[in-house]
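Inspection log for the structure reproduced underneath, given as structure tokens.
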Amino acid sequence: MSYPIKGEHLHKHFKKQVVLDDVSLTLQEGEIYGLIGPSGSGKTTLVRILLGLEKADSGKIELFERRPTLNAFRSLGYMAQSDALYNELSAYQNLEFFASIQGMHGKEKKQRILEVAKAVDLDQHLQKNVSNFSGGMKRRLSLAAALVHSPRLYLLDEPTVGLDPVIRRKLWTLFHYLKGKGATIIVTTHVMDEVAQCDRVGLLSTGRIIAEGAPKALTAQYGVSTVEDIFIAIEKEADGN
Amino acid sequence: MRNLFAMARRIIRQIVRDRRTLALLIIAPLLILTLVWYIFGAKTAEPKLAIIHYESSDYLSAFKKDDYQRMSALQARQALADKEIDAYIDLKNPVSVHLEGSDPSRNGLVMNKVQQSMQKIQQINVTSMKNQLTDVIKAEQKGMMVQQQTIRQMTEAMQRYAPGALAQIMQQAPKTSQPEEPKTPEKVSLDVSYLHGNDDLNTFDAFGPAMVGIFVFLFIFMIGGVSFLRERTTGTLDRLMASPIKNYQIIGGYMIGFGLFVIVQSFVLTCYIAYVLNIYNVGNLLDVLIIVFILSFSALSLSILLSTFASNELQMFQFIPLVIVPQVFLSGLFPIDTLPGWVRAVGNLMPIHYSTEALRNIMIRGTGFSGWWFDAAILILFSVVFMIINIFAIRRSRPVTD
Ligand SMILES: Nc1ncnc2c1ncn2[C@@H]1O[C@H](COP(=O)(O)OP(=O)(O)OP(=O)(O)O)[C@@H](O)[C@H]1O
Ligand SMILES: [Mg+2]
């Protein structure tokens, strides 16, 4: 078993605020890992640190069991919490650019763009300017841009926020399909029925991973019915001590 | 290499699809330069003047009717108050000038004109003095003639009655030499020649090189800075950072992508000032083009660098008073020779300073490569330094890998 991404004893603070306090996290190949936690708990920060977009105060990061290198980024698809698209360009031109800087070219690139556009239901809108896209369309295009070079590891920061239930379900089918092809996915989310579809979840609260494991096992362990309740159960536990 | 071109291609597409940016980049500098050209290049207006108390004045001939209206004192005062005239001149001795006074530049024009008339007055005075002197001399000459007559009669009388005494007197008398006719002085005229330029060179022609630099710099700075800033604020830079693209490819891509439009802009602008505005230019247009082009690159690289320190568009525009305004004042538009050393040192750090120097050499002095290579080299150095700092600044966005 190999580890596509591994973070050990990560600490991070902004000014006086401690955002990550000794977080360790290891993804296993071919799993969907859900990172959940209240707003401001440090999910985005953790993902960015794993990616190398942010420097941790201390701790160690490995990408594909090595120190991160530019080449490792070739096998990595990142979807940020903001859409991060070029509004002046058409959807096709956006995908074309992101595919190009990932080293794709020629027919293969064209084919792949059409493929991912279909996967996120945007194949009818490829020629439209992104500035004329709806919020949900932008979200999907942003996801498509993370998929376009068929990476082995996906870091998706709230990929389904602002999407309607039908599309959301479609995207999760896509995630399972990617996983089936051997990809590893780490996804942050607030939506609880998405949490249940993850192989493992990590509960992030005030900069620490307070619980980690398969959703079913976790709910059983804490004797609660939903993962959400685990936060409350742990809080109670802490108060009891 | 492929990444570099992908980057450049994307920027070109972005600008082409964004008509407003395209217009701002290429047309706006032309419009503003045209405006400036009208302001500075216009023929200076003649001041409106009047004279009063002229009826009995000897000086009336110094004040031509075309230049000076004839008015009564009351009319003149009223007209001055109503700003119908800029000044009136009271010809009653001593001559006095009354100015409207609210606009220093018009005051200057008035004084210039009045000074010319005063010179004529001086001439009138001199002529009348000369005439008076001539009269005096003539009167004296008449007196002397009478005296000579008397002396001649006395001499004749003496010759007759005491020739010995006369001979003695004649011997002792100092020899008088006949005074020479005074030469009329040659008419003095000033022969003006210009080493560079000619007297047609208007204010805009002189300012032109600086203006071209300022507006090219300003617009490239705004557009380049904002577009790179957007990359940061929309998060697309993060996406780039999470891809295998190298830092120098990002900066290089920007330079190439914008470079294309900068070439077009430089070309259009140079042709415009040369053929439409007809700005004074004795140098090679190609040299002008090269300088404008190089300057644009330093503007682009500086704007990308400064966008690193801005977190939104407003903050980017806040750099304009800091970066552009000092350049306007220290770039050679105004003489800076008398400023304290440190101010001049600051001026030496400003790209527009060098472009102005180079463009002046080319356009007004008509020098070739030897006259501008140094300034061009400094501008290129600016760009290179800014670009290198840029590449390192981006590293901050991708701290983990190298
Ligand atoms: N660049 C920064 N400078 C200062 N503070 C920051 C910065 N980035 C994040 N923070 C702080 O770190 C904390 C965690 O932020 P983060 O974005 O990781 O939360 P999150 O879990 O992703 O929240 P959400 O679910 O709302 O996206 C927040 O309190 C935030 O204010
Ligand atoms: Mg977040």
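The values are calculated or read from the model by the stated rules, or taken from the named source; none is laboratory data. A quick note: this is a predicted structure, and the numbers were derived from the prediction, not measured. Note that each Cβ is placed from the backbone with ideal geometry, even for glycine, and that neighbours are counted across all protein chains shown.
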| request: Among the helices (runs of 4 or more DSSP H) lying completely within region A:155-241, list those that include at least 2 residues that are within 16 Å of ligand 1 (Cβ to nearest atom). | output: A:192-195, A:227-240
| said: Against the definition (more than 14 Å from chain A (Cβ to nearest Cβ) and either in contact (Cβ under 8 Å) with a residue 60 or more places away in the chain or loosely packed, with under 13 Cβ neighbours inside 10 Å (or both)), how does B:Thr34 come out, yes or no? | reply: yes
| field | Count of region A:20-49 residues which are within 13 Å of ligand 2 (Cβ to nearest atom), of a type in the set (A, V, I, L, M, F, W, C) and either at pLDDT below 90 or within 21 Å of A:Val161 (Cα to Cα) (or both) | value | 4
| Here is a list of conditions, (1) more than 8 Å from chain B (Cβ to nearest Cβ); (2) among the aliphatic types (A, V, I, L, M); (3) away from ligand 2 (no atom under 16 Å from the Cβ), and A:Leu85 meets all of them except one; can you say which number that is? | (1)
| said: For region A:70-78, check the following and say yes or no: at least one residue is of a type outside the set (A, V, I, L, M) and under 22 Å from A:Val201 (Cα atoms). | reply: yes
| A:Ala144 is checked against (1) within 16 Å of ligand 2 (Cβ to nearest atom); (2) within 14 Å of another protein chain (Cβ to nearest Cβ) and fails just one. What number does that condition carry? | (1)
| query | Just for helices (runs of 4 or more DSSP H) wholly inside region B:326-402: which have at least 3 residues that are in contact with an Asp or Glu (Cβ under 8 Å, 6 or more places away or on another chain) and away from every other protein chain (no Cβ under 14 Å)? | reply | B:351-363, B:369-395
| query | When you go through B:Gln171, B:Gln159, B:Gln148 one by one, which is the residue that is exposed (fewer than 10 other Cβ atoms within 10 Å of the Cβ), assigned to a helix (DSSP H, G or I) and modelled with pLDDT of 80 or more? | reply | B:Gln171
| said: So A:Val130 ticks every box in (1) over 24 Å from B:Phe228 (Cα atoms); (2) in contact with a strand residue (DSSP E or B) (Cβ under 8 Å, 6 or more places away or on another chain); (3) of a type in the set (A, V, I, L, M, F, W, C) but one. Which box is left unticked? | reply: (1)
| field | Conditions (1) over 17 Å from A:Ser142 (Cβ atoms); (2) within 16 Å of ligand 1 (Cβ to nearest atom); (3) more than 9 Å from chain B (Cβ to nearest Cβ); number of the one not met by A:Gln28 | value | (2)
